Amino acid sequence: MFEEDGMTLVEYTRRHPDADHLDPEKESVLEEAVGTGTQQITVDAQQGAVLRVIVLCPSDATGETEILTSRGGGGTKTWMAGSEALCGGWSAATPPVDEAGPMTFTVTVDNDKPFRMVLTAPSA
């Protein structure tokens with residue numbers, strides 16, 4: 001799950017139905033990224049959408065984690081959520097998007113272990 005060509009979160013959820021990271025009946029994965037340090041996902045956000053970022057790390061990973069958002073060409077980044085010690089296994093959602101257009105989510109994890117960043121939206 002923590003490799004580029006590893007299992008996606010949807011695949012993991014199907015194999016481990018007791019995992020509570022994602023409810024495929026209620027939300028859809030827009031995009032996933034795997035890596036170390038900082039990862040970014042940019043989507044064309046729809047007005048009114050509530051987007052959720054899920055951060056998953058290996059069980060032994062610790063370190064400060066933060067999620068930032070930016071609009072348009074990636075200008076000013078706004079802090080969305082963070083944790084001083086917990087690397088992953090948590091998520092944060094946006095309020096309803098006020099204006100349609102490109103939206104970038106940046107996750108930074110302060111350790112040298114890979115992590116998976118997943119961006120979801122409610123299923124229609």
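Quick note: the coordinates plus some simple rules give every number you see, no bench work behind them. Note that this is a predicted model, so its numbers are computed, not measured. Here the Cβ positions follow ideal geometry from the backbone for every residue, glycine too, while neighbour counts run over all protein chains shown.
I want to verify a result. In a Gaussian network model of the chain, Cα cutoff 10 Å, which of these has the top mean-square fluctuation: GLY75, GLY63, GLY37?
It is GLY75.
Where is the GNM fluctuation largest for the chain (alpha-carbon springs, 10 angstrom cutoff): ASP98, ASP18, ASP112?
In this elastic network of the chain, the residue with the biggest mean-square fluctuation among ASP98, ASP18, ASP112 is ASP18.
Which whole-number percent is the relative contact order of the chain (Cα, under 8 Å, 6+ apart)?
39
Rank these for me by crowding, TRP90, TRP79, going from fewest to most other beta carbons within 10 Å. Mind dumping the intermediate values first?
On the way: TRP90 17, TRP79 9.
Arranged by neighbour count, lowest to highest, TRP90, TRP79 become TRP79, TRP90.
Determine, for ARG52, ARG116, the number of other Cβ atoms within 10 Å of each Cβ, and report the residues in order from fewest to most. All intermediate terms of the calculation are to be shown ahead of the outcome.
Values: ARG52 17, ARG116 25.
Listing ARG52, ARG116 from fewest to most nearby Cβ atoms yields ARG52, ARG116.
Rounded to whole Å and ordered largest first, report the semi-axes of the equivalent ellipsoid of the range 72-112 derived from its Cα gyration tensor (root of 5λ).
Working: eigenvalues 108, 35, 13 Å².
Equivalent ellipsoid of the range 72-112: 23, 13, 8 Å, largest first.
So for ARG14, ARG71, fewest C-beta neighbours within 10 Å to most, what's the order?
Sorted ascending by nearby Cβ count, the order is ARG14, ARG71.
For the range 28-124, max minus min Cα coordinate along each principal axis, in Å, sorted largest first?
Projected onto the principal axes, the Cα atoms of the range 28-124 cover 38, 29, 19 Å.
Pop the C-beta distance of GLU3 and ALA85 into the FRET formula with R0 = 22 Å and round what comes out to the nearest 0.05.
Details: r = 25 Å, r/R0 = 1.11.
Computed FRET efficiency for GLU3 and ALA85: 0.35.
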